[in-house]
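Asker: First the structure, which I've put down as structure tokens, then a few questions once you've had a look.
Throughout, read-outs are computed from the coordinates displayed, never taken from laboratory work. Quick caveat, the model's predicted, so the values are computed rather than measured. Note: ideal-geometry Cβ built from the backbone for every residue, glycine included; neighbour counts use all protein chains shown.
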Amino acid sequence: MKELTIGNGVTNIKDYAFQNNDKLETVTIGSGIEQISASAFKGCTSLKKVTINASSDDVSIPDSTFADGVQVIFTIALIDAKDDKISDSKDA
């Protein structure tokens, strides 16, 4: 499996859920996600891009969840109306 889509109804991706899936390259995670465990994607050596349909403020993701070089994109931006600045929608 090269591509994985996790639906909007999923709120938590638990430890080792996709561990050592060395074929997985891209993951899209639905808007219901609240937490991704640190070891959920451990050993996914081909993983290049993760798109999360939420704001980084809404999802708990430990720093070690994704290997260095994995592009993580949050698709929902928060706009500070007071400063008219976008505070999210970043590539990590």
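Asker: Looking at the range 32-57 only, could you name the residues that are of a type in the set (G, A, S), closer than 23 Å to I76 by Cβ and surrounded by 15 or more Cβ atoms within 10 Å (Cβ to Cβ)?
Answerer: Passing the criteria: G32, S37, A40, A54, S55, S56.
Asker: Collect the residues in the range 1-17 that are more than 18 Å from G69 (Cβ to Cβ) and in a loop (DSSP other than H, G, I, E, B), keeping them in residue-number order.
Answerer: M1, G7, N8, G9, V10, T11, K14, D15, Y16, A17
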